[in-house]
Amino acid sequence: MVQRIGLVLACVFFIACQKKTSDTVFTEYSKKQSDSCASTRIQSQFLVEWETGDITVEHATDAQTFKETFVENNLHLIKRVEFNKRIQMRTDSTTLSTTATDVTWGQTMIEAQAVWDQGVKGQGIKVAVVDAGIDYFHPQIFPQLDENAAERNGASDKDDDGNGLVDDQYGWDFAGNQPDPMVTANSGNDHGSHVAGIILADHESGPMKGVAPQAKLVPVNFMDAHGGGDLATAIKAVKYAASRGVRVINASWGGPVCSDTLRDTIRALADQNILFVAAAGNEGLDLDIHPDYPANFTFLNQLTVGASRNSDKMATWSNNSFNFVQLAAPGDTILSTVPGGYAYMSGTSMAAPFVSGAAALLWSARPGATFQQIRQALLSGVDVRDYRVQTRGRLNAKKALEELKKLVP
């Protein structure tokens, strides 16, 4: 026994005495990465996570120069350094046609109406769409906006709530660094508006039937007009969304973005009882073999979603995995809101918000539930089919609510 205690104390002493160096804080500088992960690097840009928790992007000609000129000089203030990387939205295709035979087939398939008929519509639950800019003046989205009451006085040029962002009355555009997460910040990108409509479009104001039509929207933009963004800005956007008191964060984006900082940011959301919903991706790949992030994270506060078709089969283009994709949801030819009207889109980008909306429904029925209980209900309530996902099934909101009532009577 004495010998074992001595070994333990020696290990503790060794760890405690490890010295912080420019190599140890640079998480990718001294370890080999996969070619796919390295391919997403943005040349000459470095993500710096400070001991305060702040994230900044710094520039240098190469990693060695950055380590010697910047990291060494600020070592005591820095927690971690990584290469900044590219991130892409998950949309497979966009169709402006309005000739689909059933504009609400997804809502019908997950039995959302049976939940709405019980008066469960997402009321009181905030959902963040961390994505592209959102046209929140769209008549089916505007009624759902969550207002940051501290900034209610609008354009006062004053940071009323002290969060470092001036006049973030509704949300924030991290791509443009301005208090306007509307689509005008990245004109031509309909992605965020489409995702938001699936989650919570107001039933009384148009044809789109949001899954949680009384949930509240926190819009957070980090993408450009071409559906691209970067790792550092995405992390800032996720942290901001969490600060607004949301229960669900929808992330219909990703790539082979290996990042310790993104990993820790999403995992920490559990401390705030937040469920993180990620899209699996649209390359038709097995994530066991071809990792993709944040889809491949396995946190208890995360769900990764593949896409299904109205035939109740998994879309061939949807990424899949028995280990990393938990369930499927409707994602093929989905009608939703876009600036100035409506459009059909396909992708796991569309599947993830069906699950985010269902989570908001469940939380509105049981506001005191934990993210573990919401997650378990969603997984236990799937319609089991032959999907190549962990549960083998597809989202069913009605059954999920029944399962939640068993967990939280």
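Would you point out which residue out of Asp332, Asp288 is assigned to a loop (DSSP other than H, G, I, E, B), in contact with a strand residue (DSSP E or B) (Cβ under 6 Å, 6 or more places away or on another chain) and open to solvent by 40 Å² or more (accessible area, probe 1.4 Å)? Write out each step before concluding.
Numbers: Asp332 fails: open to solvent by 40 Å² or more (accessible area, probe 1.4 Å).
It is Asp288.
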With the first residue restricted to the stretch 42-58 and required to be free of Cβ contacts under 8 Å to residues at least 40 places away in the same chain and open to solvent by 50 Å² or more (accessible area, probe 1.4 Å), and the second required to be of a type outside the set (Lys, Arg) and part of a strand (DSSP E or B), Cβ contacts under 8 Å at 6 or more apart or on different chains are Glu51/Ile78
Hits in the stretch 268-285 (condition: buried (at least 16 other Cβ atoms within 10 Å of the Cβ) and not polar (S, T, N, Q)): Ala268, Leu269, Ala270, Ile274, Leu275, Phe276, Val277, Ala278, Ala279, Ala280, Gly281, Leu285
Residues that are within 14 Å of Arg366 (Cβ to Cβ) and either in contact with a strand residue (DSSP E or B) (Cβ under 6 Å, 6 or more places away or on another chain) or without any contact (Cβ under 8 Å) to a residue 60 or more places away in the chain (or both), drawn from the stretch 110-126: Gly119
Odd one out for Thr391 among (1) surrounded by fewer than 24 Cβ atoms within 10 Å (Cβ to Cβ); (2) assigned to a strand (DSSP E or B); (3) polar (S, T, N, Q): (2)
What's the total number of residues in the stretch 304-329 that are among the β-branched types (Val, Ile, Thr) and open to solvent by 10 Å² or more (accessible area, probe 1.4 Å)? 1
Within the stretch 340-358, does at least one residue satisfy the condition of being of a type in the set (A, V, I, L, M), farther than 16 Å from Gly281 by Cα and open to solvent by less than 10 Å² (accessible area, probe 1.4 Å)? yes
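Return yes or no: is Asn84 modelled with pLDDT of 80 or more and in contact with a strand residue (DSSP E or B) (Cβ under 6 Å, 6 or more places away or on another chain)?
Working: modelled with pLDDT of 80 or more: yes; in contact with a strand residue (DSSP E or B) (Cβ under 6 Å, 6 or more places away or on another chain): yes.
Here the answer is yes, as Asn84 does meet what is asked.
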Write out, first by first residue and then by second, each pair whose Cβ atoms fall under 6 Å of each other, whose residues are 6+ apart or on separate chains, and whose first residue, in the stretch 133-150, is under 20 Å from Met223 (Cα atoms) while the second is among the small types (Gly, Ala, Ser) and buried (at least 24 other Cβ atoms within 10 Å of the Cβ). Gly133/Gly192; Ile134/Gly192; Ile134/Ser193; Ile134/Ala196; Asp135/Ser193; Ile141/Ala196
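The values are calculated or read from the model by the stated rules, or taken from the named source; none is laboratory data. Everything numeric here is computed off the predicted structure, so don't read it as measured data. Counting neighbours? That spans all protein chains shown, and the Cβs are built from the backbone with ideal geometry, glycine included. The protein model used for the area step is the full one, side chains on, heavy atoms only, and it has no ligands, DNA or RNA in it. Shrake-Rupley method; radii C 1.70, N 1.55, O 1.52, S 1.80 Å.
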